[in-house]
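S.K.: Structure incoming, see below.
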Amino acid sequence: MRFHWETLAEDAAIVKSGNPLFQRWSCGNTKRIKPGDRAFLVKLGRETPRGIFASGVVVSVPYEDTHWDKEKAKNGKTALFVDVRIDVLLNPHSERILSYSTLKKPPLDKMHWKIQKSGVRIHDEVATELERVWSKLVGKETTVTFPEEIDETGTYPEGAVKRVSVNAYERNAQARQRCIEHYGAQCIVCGFDFGETYGEVGDGFIHVHHLREISEIGEEYEVDPIRDLVPVCPNCHAIIHRRKPAYTVEEVKAFIYRHRAKEDGG
């Protein structure tokens, strides 16, 4: 970690409360990272403690953006990033992290942890052991659930505003199902259908995007599954939330159209 995380304590509290937190992480020069890959953040440098203090799942392909170093950014430099959905975030100043001394023990010592760049692949044998000791440290299995896939009971009221990086309202499973029944399980942006691509295992699978911005909703309200929700594939969903405020469905459709037109020479 080579940057100062100004909101670390606050963000750690968000993750502990069970709310989703998305962050942009530098991935060095590698473009081999893909959505679904596991990611870990290691704190190095002279200041102790040193070690792994965060983990998550990659939710985007690598993309180029303004460099994270302010001086390099001023000179027009760029860097590669991926968006990560954080499942564990420990505060090194107040919590026990996976120490560097533990990382030097077999078989974790097969990995060179004093890494000078981001985006380095962890070997399979090391990754398996890392997941084991990491889960033991944090006291839970580090699995990921997207906000629109959280099971809930009751009718359609939604509320409980929380500070998160995507939709801040607890999802209602019944509302989600009504949305899919109305629109179908195809992405409303690009038309992707998991069932057509993956067969039976993909039938009916889709993300659901909440169209209303958090700032527009100040209190509990009745969600309309047809007016407020739309089905989107994970890729389009990630692009929608690449910006705050989020891109609209129409804007992302336009991105696709312009890119295809450019490729076709139009």
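S.K.: Could you pull out the trypsin sites (Lys or Arg not before Pro) across region 46-76 that fall in loop regions by DSSP (anything but H, G, I, E, B) with no more than 12 other Cβ atoms inside 10 Å?
M.R.: On the way: sites: Arg46, Arg50, Lys70, Lys72, Lys74; in loops: Arg46, Arg50.
Passing sites in region 46-76 are Arg46.
S.K.: Sort 26-38, 88-100, 53-65 for me by packing, meaning the mean count of neighbouring Cβ atoms within 10 Å per residue, highest on top. The partial results should precede the final answer.
M.R.: Details: 26-38: 14.8, 88-100: 17.8, 53-65: 19.5.
So the order, starting with the most tightly packed, is 53-65, 88-100, 26-38.
Values in this text are rule-based calculations from the coordinates and carry no lab data. Treat the numbers as computed from the prediction; the structure is a model and nothing was measured. Reconstructed Cβ throughout: ideal geometry from the backbone, glycine too, with neighbour counts over all protein chains shown.
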